[in-house]
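Take a look at the structure below.
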Amino acid sequence: MTTRPDIATALDAPDSVLEEDEQRFVNQIRKHGWFRTEVFAEADQPGFSFTTGLWVNHGFPEIIVFSMPARIAHDVLWDIYRMVAAGEPPPVGEVTAAVYGNANALLMPVAKAHYEAHLGWNRWFYGNDDFPCVQLLWPDRDGIFPGQPEADDALNAAQPRLFGSGDERH
């Protein structure tokens with residue numbers, strides 16, 4: 001994975017044209033290579049976290065994960081960032097043991113139809129929807145992922161599938 005200098009992002013904007021919260025956001029990406037945005041649960045919608053910076057800095061899709069405690073999400077996403085930066089990204093579209101220490105994971109491409117509702121800061125940062133994103137899924141105790149026939153309603157509700165309707169590739 002390499003830096004993608006051909007991509008224009010908010011990293012290119014001078015601080016003078018950015019609002020204070022935008023400056024903080026961009027400065028975190030400049031300092032650490034990425035940033036995690038947390039969106040709190042609301043009514044019947046689960047909370048989620050997503051990355052900004054993986055695509056522009058390493059050519060790996062941004063990542064969104066639902067219903068994971070903030071501290072755990074931060075640690076897991078840092079681990080993935082380090083894997084990507086080291087040139088050993090986790091696979092997309094197949095079950096892998098490379099992400100979590102105690103369970104399998106699945107990264108699935110997010111359909112662009114879900115970007116507006118979930119990836120506001122990324123859309124601002126990249127200036128459009130021309131960036132890839134994958135959804136990081138976690139299984140239940142039996143190793144079942146959301147959307148599989150054996151998945152219960154609670155697992156499916158905790159992790160809304162953003163990778164397209166009817167896409168059951170597990």
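Of the residues making up the range 153-165, those that are modelled with pLDDT of 90 or more and surrounded by fewer than 12 Cβ atoms within 10 Å (Cβ to Cβ) are D153, A154. For V95, are the conditions met, namely being hydrophobic (A, V, I, L, M, F, W, C), under 19 Å from P61 (Cα atoms) and in contact with a helix residue (DSSP H, G or I) (Cβ under 9 Å, 6 or more places away or on another chain)? No: the conditions fail for V95. For M108, the criteria (1) free of Cβ contacts under 8 Å to residues at least 40 places away in the same chain; (2) under 23 Å from H74 (Cβ atoms); (3) surrounded by 14 or more Cβ atoms within 10 Å (Cβ to Cβ) hold in every case but one, which is (1).
H74 passes every criterion in (1) buried (at least 17 other Cβ atoms within 10 Å of the Cβ); (2) touching a Lys or Arg at 6+ places or on another chain (Cβ under 6 Å); (3) not small (G, A, S) apart from (1). Could you tell me whether E168 is farther than 19 Å from P69 by Cα, surrounded by fewer than 15 Cβ atoms within 10 Å (Cβ to Cβ), more than 14 Å from the chain's Cα centre (by Cα) and at pLDDT below 95? Spelling it out, E168 is indeed farther than 19 Å from P69 by Cα, surrounded by fewer than 15 Cβ atoms within 10 Å (Cβ to Cβ), more than 14 Å from the chain's Cα centre (by Cα) and at pLDDT below 95. Go through E62, E20, E38 for me and flag whichever is more than 20 Å from F131 (Cα to Cα) and either of a type outside the set (V, I, T) or in contact with a His (Cβ under 6 Å, 6 or more places away or on another chain) (or both). Only one candidate qualifies: E20. When the range 110-134 is examined, which residues are found to be of a type outside the set (S, T, Y), in contact with an Asp or Glu (Cβ under 7 Å, 6 or more places away or on another chain) and assigned to a helix (DSSP H, G or I)? The answer is K112, N122, R123.
The values are calculated or read from the model by the stated rules, or taken from the named source; none is laboratory data. Since the structure is predicted, the reported quantities are computational estimates derived from the model, not experimental observations. A quick note on method: Cβ atoms are made from the backbone with ideal geometry, for glycine too, and the neighbour counts reach across all protein chains shown.
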